[in-house]
1. If I ask for residues that are within 11 Å of the ligand (Cβ to nearest atom) and within 17 Å of residue 129 (Cβ to Cβ), which ones from segment 65-79 would you list?
2. Filter segment 1-35 down to the residues that are out of contact with any helix residue (DSSP H, G or I) (no Cβ under 7 Å at 6 or more places or on another chain) and within 15 Å of residue 113 (Cα to Cα), then identify the one that is nearest to the ligand (Cβ to nearest atom).
3. Consider residue 38 against the criteria (1) surrounded by fewer than 18 Cβ atoms within 10 Å (Cβ to Cβ); (2) away from the ligand (no atom under 15 Å from the Cβ); (3) within 24 Å of residue 167 (Cα to Cα): it satisfies all of them except one. Which criterion is unmet?
4. Yes or no: segment 41-58 includes at least one residue that is assigned to a helix (DSSP H, G or I), free of Cβ contacts under 8 Å to residues at least 24 places away in the same chain and more than 18 Å from the chain's Cα centre (by Cα).
Ligand SMILES: [Fe+2]
């Protein structure tokens, strides 16, 4: 991200950098049309992180007395809808061919999408946010990030809310693609699929011992050796010992802050 696109607020600028990273990753993947699934997952990551960033940005706007909050929120909604529309047309309905011309269009569109918004719309809040700078609680800046920009994680958790929280935390940590599964069967399928995950985060509400047993005895060596971390519900604290006994890389409590969870995940994977 170039200097002229910096707003001067650390949380907003970090978020914008992350959106640029995801778009650059899409650009890299699109060199080969055979990366269609990964391109789709990257657009999903862009949509998800975009939504989270827009909410965070809107909260900062309210806190600092920015007078154009509702117009700006409408612009954010339009941006999210545009990404969802592209993902649907090219990767779900496949109503438009994903050929070289389409890829050229998509890369140009994504670059315009972010630059146009940051330059023309976000810059209007520069004066307000910079003069009212505050760290603001969890805010999004404190999460520990991964050094690599090309990571795929798989979250297997039966609870929609906690699964979403885990996915969002991983995206904030810099994971490019976060896959989700709500049970063991789908989880195993995604372990063997494309894109292949680099590590797993598994909710303790599942029969995780059975899952890890199946995983470790899989024929494919890469899948059998996948690092797996347990995300424990407060009611299942005993699960921490069980996780270590069945060969998982570590465990953390789900009810911690995003910062604490990110630190625990980094520790488990070190
Ligand atoms: Fe914005």
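1. 66, 68, 69, 71, 72, 73, 75, 76
2. Once the filter is applied, the top-ranked residue is 17.
3. If we test residue 38 against (1) surrounded by fewer than 18 Cβ atoms within 10 Å (Cβ to Cβ); (2) away from the ligand (no atom under 15 Å from the Cβ); (3) within 24 Å of residue 167 (Cα to Cα), just (1) comes out false.
4. Yes; the residues of segment 41-58 include at least one that is assigned to a helix (DSSP H, G or I), free of Cβ contacts under 8 Å to residues at least 24 places away in the same chain and more than 18 Å from the chain's Cα centre (by Cα).
Values quoted throughout were computed directly from the atomic coordinates according to the rules given, and no laboratory measurement underlies them. What you see is a predicted model; the values in this text were computed from it and never measured. Glycine gets a Cβ as well: all are built from the backbone with ideal geometry, and neighbour counts include every protein chain shown.
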